[in-house]
Amino acid sequence: MPEEGSRLDPELLPNENLIQTILLPATIICIPIALLAGALLALVYMYRIDPVPNLFKPTETSLRGPGFVLVNFSATRLVFVASFLSTLAPLLGSFILSLFALPVSRRLRDASREAKYLNLPTPFQMSLLVGILVASAQQLRSYLWYLLRRRRPSIPPVLHCAASMMLLSLVMAAGVFIADTILHYTTSTVEFDQILVPPQPDQEFGRGLSEFCLTFNRTFVGLPCSDTTDSGQVDPNANFEATEMNRLLHNTSQLSEIRITATEDVAGADLAYLIPQQQRIAPNIDYQASTIGISTTCRFVKPSSCGMVLWDNYYTNFSCTDMFHGTIGMPPIVSTNINNPRPPDPYRSFLMYKGAANLMYSFFSDSGMRNIYNTVGYNDSGDFDLSISPYPNSQLVNPFYVGIAARISTTNATFISDGVVDFILDCAVASYDISYTWVDGGLQDIKAVPSGNGSILEIFHGSLLYGTISGGDPALQDYLTQSALAGNTTDSFLQKFGSLYSTKVLAYIGGYTTGRVALAQQQREHMLLSKVPIPPLAILVAWSFCYLLLGLILAFQAYWASRGNVRDIAAKLSLSGLSQAAFGDRQTGTSSGETTSREDVNQPIKQETRRILVDGSAQRGFEFGVML
């Protein structure tokens, strides 16, 4: 006999197992998927990278836009976390319907009490209802086919509600799956340079004249800061500057180096500019800096313009101006008298250097080679001449000019005599204030503005003392030979010679320079980032949090419905409830008018001693029975 408590009205039964019936499924619906969605958002937020604008190179538009977020986290791991959401979402349908079984039970009970028979299901409809409440896809499909039949009893609203709830859970699971799939497909790994910009540039990537040269007073004897012999001023860094000058000339300096480039600001010649030794700079540092640049632009002078004529089938006389004339091929007159290192020479002009029989050159302040550029005030003997005043800084010119008369062996002839080439060059040497940008280990752009006067150039020119007839430029003959081998055109010769001479001038000046703080500076941190599109991420998280909202709503409705003590009815609207009703103790001893409590449904789980028998005899057909 069933216990007496099982025959009481369900309204009088205590609200038992509230946690197991409502709180547990509500927790399973809300907490795991909310935690996974929150973890996904936390990863994106914690490792998000906000691109900093590149100071020198615009960031690619594909990496700067509102439709995605850059995350410094493995894309594989990120979408792996997202995949848990699409895995978990379909599993929550049964818990959603188990909670919804309580409001369904309340509606069935209320319809039964109020005798609203049209709101009650038929036996077949009850089977559909129970199947849907246990999340059976087969029963949902049967319901949809049943819904389309023309001849059928009216369907109670409770069956529609249960089917709608199951369809809603399927739609939400599909939404999570589709959003996760799109997120997997569109999330990619990209290379990215994050820019770190200091508040103020702190590295000395620029170059400028040393403080000693900037404050040096050359008006006393006219000598520049590179020659303090007779100036009465002591340069504390003279030895280092002389060493650095030679290192720059031979490209062995540990501090600076000279580069050659072409720029629109300097027409017809290459520009030599001074930069820090790149081996000492990290390759991920970009900067903009100021420095010094030198260019040398040369042209051949027509032989007829200088009256070039052969003499004795070997020598070449020329007379360009009163200040630039002589004989090519005639050896220089050398004196052994230390008091007269520059003896008179009828085969050269005033203050001309004659380094060898095949090389003669002079410095001028004009391109016509008419005015000797005598900034210190020498006479032709190489001594100071009190009648010739040194140039003040305001009269130093930029550019100064070099007239060169030379002989080389080549087939590209301007004036040929017995298999050699004699020629006259007129070269302009100019200094520039340079602003350049160095990005990704290379020159991005450079701007050259002519220096205000010839003070920078005078560091080189003023140190070339006329103390000897051979002068201070023994490499000039080698430069001419290298230039002749640079190509088969006059342009290649002129360009090569100009680059070599510019390098020599800048190497000399560079020895007297010090560092300047960069104008702008940045550091690039190369990294691999996950490019996560925002729309699928937002949709995935939104669908996930819909489960949280739905779980809370269903939990509240289930709790409200359970106040009518309908959990026993809900227990019977399950497979275990139907099995107990069909094969339970009431089949062998209880009357059909008695009730079965929730405990009756759960009791077989604790003690099961009977077995279900399937009778398949031909006379009776297939039947189920209970075997003790």
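Each value in this text was obtained by applying a stated rule to the coordinates, not by laboratory testing. Because the structure is a prediction, the values reported are computed rather than measured. With ideal geometry, Cβ positions are generated from the backbone for all residues, glycine too; neighbour counts draw on all protein chains shown.
How do Met352, Met308 line up, fewest other C-beta atoms within 10 Å first? Present the calculation step by step, with values, prior to reporting the outcome.
On the way: Met352 25, Met308 22.
In order of increasing Cβ crowding within 10 Å: Met308, Met352.
Explain nothing, just compute: Karplus ³J(HN,Hα) = 6.51 cos²θ - 1.76 cosθ + 1.60, θ = phi - 60°, for every residue of the stretch 496-509 in order, whole Hz, x for Gly and Pro.
Values, residue by residue: 5, 5, x, 5, 5, 5, 4, 4, 5, 5, 5, 4, 5, 5 Hz.
Which loop-located trypsin sites (Lys or Arg not before Pro) does the stretch 105-166 contain, where loop means any DSSP state but H, G, I, E or B and the Cβ has at most 15 other Cβ atoms within 10 Å?
Those satisfying the criteria are Lys116, Arg149, Arg150, Arg151.
Starting at the first residue of the stretch 115-123, write each ³J(HN,Hα) from the Karplus equation 6.51 cos²θ - 1.76 cosθ + 1.60 with θ = phi - 60°, in whole Hz, x for Gly and Pro.
Working through the residues one at a time gives 6, 8, 5, 5, 8, 9, x, 6, x Hz.
Over all Cα pairs of the stretch 206-518, how is the pair count split among 20 Å bins, expressed in % and running from 0 up to the last occupied bin?
Histogramming the stretch 206-518 at 20 Å steps yields 32, 57, 11, 0 percent.
What's the center-to-center distance, using Cα atoms, between the stretch 328-357 and the stretch 452-519 in Å?
23 Å
From the phi of every residue in the stretch 281-295, what ³J(HN,Hα) in whole Hz does the Karplus formula 6.51 cos²θ - 1.76 cosθ + 1.60 yield, where θ is phi - 60° and glycine or proline is x?
Working through the residues one at a time gives 10, 4, x, 9, 9, 10, 7, 10, 8, 10, 7, 10, x, 10, 10 Hz.
Please order Tyr45, Tyr361, Tyr373 by the number of other Cβ within 10 Å, starting at the fewest.
Tyr45, Tyr361, Tyr373
Measure up Lys302/Lys354; Lys354/Lys496; Lys447/Lys496; Lys447/Lys504; Lys302/Lys496 against 28 Å on the Cα-Cα distance and list the ones that go over.
none
Taking amide H atoms as placed 1.01 Å from N in the peptide plane, list the residues 5 or more away in sequence, or in a different chain, whose amide H sits under 5 Å from that of Asp265.
Those qualifying (amide H under 5 Å, at least 5 residues apart or on another chain) are Ala448.
Out of residues 5 or more away from Tyr512 or on other chains, whose amide H comes under 5 Å of its own, with H placed 1.01 Å from N in the peptide plane?
For Tyr512, no residues qualify.
Taking H placed 1.01 Å from N in the peptide plane, check which residues at least 5 places from Asp366 or on another chain put their amide H under 5 Å from its amide H.
When sequence neighbours closer than 5 places are left aside, the close amide H contacts are Asn371, Tyr401.
Measure off 7 Å from each Cα along the Cα-to-Cβ vector at Thr489 and Ser305, then give the distance between these two points in nanometres to one decimal.
2.0 nm
Taking the Cβ of each residue in Leu129, Leu91 as the centre, tally the other Cβ atoms inside 10 Å and list the residues starting with the fewest.
Leu91, Leu129
By the scheme Lys and Arg +1, Asp and Glu -1, what is the net charge of all other residues having a beta-carbon under 15 Å from that of Tyr143?
Values: positive: Arg141, Arg149, Arg152; negative: none.
With Lys, Arg at +1 and Asp, Glu at -1, the neighbours total +3.
To the nearest 0.05, what FRET efficiency results for Gln557 and Val197 with a Förster distance of 60 Å applied to their C-beta separation?
So the FRET efficiency works out to roughly 0.60.
How big is the C-alpha Rg of the stretch 23-125 next to the rule-of-thumb value 2.2 N^0.38 Å, as a ratio? Write out the running numbers ahead of the final one.
Numbers: Rg = 24.4 Å, N = 103, 2.2 N^0.38 = 12.8 Å.
Against the compact-globule rule of thumb, the ratio is 1.91.
Regarding the stretch 425-530, what is the average projected area of its C-alpha convex hull, in nm²?
If I average the Cα hull's projected area over directions, I get 11.1 nm².
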